[in-house]
Every structure is written in C-alpha cells, then in structure tokens.
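The values are calculated or read from the model by the stated rules, or taken from the named source; none is laboratory data. All of these numbers come straight from a predicted model, not from anything done at the bench. So basically every Cβ, Gly included, is an ideal-geometry build from the backbone, and we count neighbours across all protein chains shown. The area values use the complete protein model at the heavy-atom level, side chains included, leaving out ligands, DNA and RNA. Shrake-Rupley method; radii C 1.70, N 1.55, O 1.52, S 1.80 Å.
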Amino acid sequence: MKRKTLLTLGFTLSALALAAPQRYEMRSYMQIDGKVQPAFAWCDAPDRVIGVTQPQKLGPAPQPIQLRQVLKRPAPNTDAFDYVAEYNLGPSDAGAGQVYTAITFPLSGGRYFIRTSNVENVRDPAYRMTRVNEFRTPEGTFPCRYQPQAAFMGATSRETVIVWDNGKTATYATRNFDGTPGVYVTGGRKINVAGTGVIYDFPGGNGSTYRVITGSAPGTSAMLNTTTREALKGLTQSFLAYSISLPVKEQP
C-alpha cells in the first residue's frame, strides 16, 4: 500500500511539473554614444524613444544613470533631436499595482519618474514583457507602447519592430514613424546561435526578407536587416533600444 501511495505521489508531482507554465526572462538594452548598455527601462512613446541605463545597483539611495531621448519625427529643416543627459535613478515606491522609480537631475528639483506595472511583469508566466507605463521627464509625460506577449520589441530611428514567437513559428510587425503602413509577416523562424544570440528570419512577399539579430556579447547591438527586390543589398539598422524575452532555462 505504501509503495502504491509513493508511486501515485510521484505521478502527481510529474504531472504538475509538466503542467507548470513556461516562465520568461526579459532583458533590455539601449545605445548611447555608439555603445550598447543594459537598460533599466525604455519607452516607445508616440513621438520619441526614451530610455535610461541600468545603474550598477538600485537601492534606497539614488544612483547615477544616463537618459537618452530621440524624436521620431523631428521638425523639417532642423537637426534631429537626440538628447543625452545625466540623471539619478531611484528610489522606487510600489503601491496599488504600480511602481514609481524616481528620475532626477543631481542639482535640480522636480518630480519625474518611470512608472512600471507591479502586475503585468515577467514574474507572472502570463506575461512575456514587463509593462513600462510611462516616463515623466522635464519635457513632459509620455505613455509607452506595450506588447505583453512579444518575444522582442525594439525601436530603430525609422520604426518600431515587434516579434511574437509561440515556440513553433514567429510573426514580425513594424510601426513606421513616418505614418506609412507597417509590415506584418508570419511564418518566421528563430535561430539560436551559440555564443552569438538569437536571430529571427522572416520571408516577405516579392522576394523581401526581414532579419532581426540580437547579440549576447557585452556591448553588441541588435540589428534589423531588410532586403527587398528593389534594394537587393538591403538596409541594416541598429536599434536605439530593445527588449528581448526568452524562456527561463530552468523552471523553479
């Protein structure tokens, strides 16, 4: 009887392990002065891309970081707005489903912050991406685009790129900054390259292809390569900021 009970318990635990939902790890990066750095958070806002670097540590005392803002559609006949400033990040204050992380100039006042979700985040297997709700800076308050089930999301100087990956096939979409229609392509594939990162390949119509390349080496930028029949040499862009969500290798 005892042996039967142990066998039953073993089968039950095995079934629970098999039924455990897949968890994910999200990593974010941004580019400043040509160098790619880990990002604490970034925002695909309606008119700009904003991001802050990851501090060496985050605790009760504010930590020095860099904040970068790039306008998506700068005014005609003006220099492109690309603004980098030194800020302090922290502390964070959580409550009512939200986390407010302060961002301040070292020698000035003003209540500025990054608001993230305390509910929609990768601690819950229901979400592949942690939600960044908004950035509030001296320039204004900026809501952020959110794709809870995206495997990749990044912004170049021309477009936002979103990749969904269900483990069997991948889907690619863009949101163009100039207001033109974006691209939506299904039937893509993910390629894991040892020591290099992850590549997503998408065959478009009329001989076009789209490739999202993420690097795993420190300081390696993610790249977007687009090839069309009209431009066989293709166009390669680096991402101003991006996040990638991959399955956790070991389940808890």
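Among the residues of the stretch 116-125, none is identified as more than 19 Å from Arg27 (Cβ to Cβ) and open to solvent by less than 50 Å² (accessible area, probe 1.4 Å).
Of the residues making up the stretch 45-58, those that are open to solvent by 30 Å² or more (accessible area, probe 1.4 Å), under 21 Å from Phe105 (Cα atoms) and in contact (Cβ under 8 Å) with a residue 12 or more places away in the chain are Gln54, Leu58. When the residues of the stretch 232-252 are filtered to those that are open to solvent by 50 Å² or more (accessible area, probe 1.4 Å) and not in a strand (DSSP E or B), the one that is modelled with the highest pLDDT is Lys249. Residues in the stretch 72-83 that are open to solvent by 40 Å² or more (accessible area, probe 1.4 Å) and either charged (D, E, K, R) or modelled with pLDDT of 95 or more (or both): Arg73, Asp79, Asp82. Taking the conditions exactly as written (in a strand (DSSP E or B), under 30 Å from Gly205 (Cα atoms), open to solvent by less than 10 Å² (accessible area, probe 1.4 Å) and touching a residue at least 12 places away in the same chain (Cβ under 8 Å)), does Thr101 satisfy them or not? No. Gln63 meets the conditions (1) buried (at least 16 other Cβ atoms within 10 Å of the Cβ); (2) under 26 Å from Val161 (Cβ atoms) in every case but one. The failed one is (2). So, in the stretch 208-231, exactly how many residues are surrounded by fewer than 17 Cβ atoms within 10 Å (Cβ to Cβ) and at pLDDT 80 or above? Of the residues in the stretch 208-231, 2 are surrounded by fewer than 17 Cβ atoms within 10 Å (Cβ to Cβ) and at pLDDT 80 or above.
Could you grab me the full set of residues in the stretch 162-199 that are open to solvent by 30 Å² or more (accessible area, probe 1.4 Å) and aromatic (Phe, Trp, Tyr)? Correct list: Trp164, Tyr184.
Taking the stretch 104-125 only, how many residues are part of a strand (DSSP E or B) and at pLDDT 95 or above?
Filtering the stretch 104-125 down to residues part of a strand (DSSP E or B) leaves 104, 113-117.
Among the residues that remain, those that are also at pLDDT 95 or above are: 113-117.
Qualifying residue count for the region: 5.
When the test is whether a residue is open to solvent by less than 20 Å² (accessible area, probe 1.4 Å) and either over 25 Å from Met153 (Cα atoms) or not in a strand (DSSP E or B) (or both), Arg128 passes it.
Residues in the stretch 84-98 that are open to solvent by less than 50 Å² (accessible area, probe 1.4 Å) and of a type in the set (S, T, N, Q): Asn88, Gln98.
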